[in-house]
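Bear in mind that the values in this text are calculations on the coordinates, not laboratory data. Note that the structure is predicted; figures quoted are calculated from it, not measured. All Cβ positions, glycine included, derive from the backbone under ideal geometry; neighbour counts span all protein chains shown.
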Amino acid sequence: MAEALQIARERNLDLIQMTDKLEIPVCKIMDYGKYQYSERKQERKSVLKQKGGELKIIKLGFNISLHDLEIRVNQTAKFLKEGNRVRIEMQLRGREKALGDFAKEKINKFTDLLENVMQYKVERELKREPRGLSMIIIRQ
């Protein structure tokens, strides 16, 4: 260890200990500033790769047309391919709350269309909430 430290001083570099868990420590002779820079760069790359896993929200209207439903299906499939979880919401207002069966049919139609595009797994079943219906799905 002392010999390595002496060599590092002669070259105007730093002695960096890479592992401390081994009986014999593993060290490198290099510039500490460059080492820190490369560590930060690797950390940033790993953060960018962890992008997926967010919760995306797809809102469906009570009177949504078939074409708009297909567009939302494609958007949902894109989110699922990225590795995100998707929450499907249908907000019910006023008298729409009394027609919960019709709203469930719309969401079931949405999930049937999505089934044709890609496989998914239901993380949280269709649930009645104070303002409407919602469910969470993930990629299978």
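If you line up the long axis of helix 32-49 against the longest principal axis of the chain, both from Cα atoms, how many degrees apart are they, to the nearest 10? Helix 32-49 sits at roughly 20 degrees to that axis.
Within 12 Å, Cβ to Cβ, of G61, how many net charges do the neighbouring residues add up to if Lys/Arg are +1 and Asp/Glu are -1?
+1
Positive end of the dipole of segment 85-140 (Cβ unit charges, origin at the Cα centre): among N116, M90, A103, the Cα lying farthest that way belongs to M90. Counting only other residues whose beta carbon sits under 13 Å from that of D14, what net charge do I get with K and R as +1, D and E as -1? Residues near D14 contribute +2 overall. Each Cα pair under 8 Å and six or more residues apart adds its sequence gap; the mean of these over the residue count of the chain is a relative contact order of 19 percent.
I136 sits among other residues whose Cβ lies under 14 Å from its own Cβ, and their net charge, with Lys and Arg +1 and Asp and Glu -1, is +3. When segment 2-49 is described by a simple charge dipole with +1 on each Lys and Arg Cβ and -1 on each Asp and Glu Cβ, the residue from G33, L22, V47 located farthest towards its positive end is V47.
Would you mind checking K41/K78; K45/K104; K78/K127; K81/K109 for any pair whose Cα atoms are more than 32 angstrom apart?
On the way: K41/K78 29 Å; K45/K104 42 Å; K78/K127 24 Å; K81/K109 21 Å.
Flagged as over cut-off: K45/K104.
Length gained on full extension, D20 to K109: 26.2 nm, using 0.36 nm per residue less the C-alpha separation.
Helix 66-81 and the longest principal axis of the Cα set of the chain meet at an angle near 20°.
With both residues required to sit in the chain, DSSP beta bridges show an antiparallel share near 75%.
Set against the labelled values (i) 1.88; (ii) 1.16; (iii) 1.43, Cα Rg over 2.2 N^0.38 Å computed from this structure falls on (i). Rounded to the nearest 20 debye, the dipole size of the chain about its Cα centre is 560 debye, using +1 on the Cβ of Lys and Arg and -1 on the Cβ of Asp and Glu.
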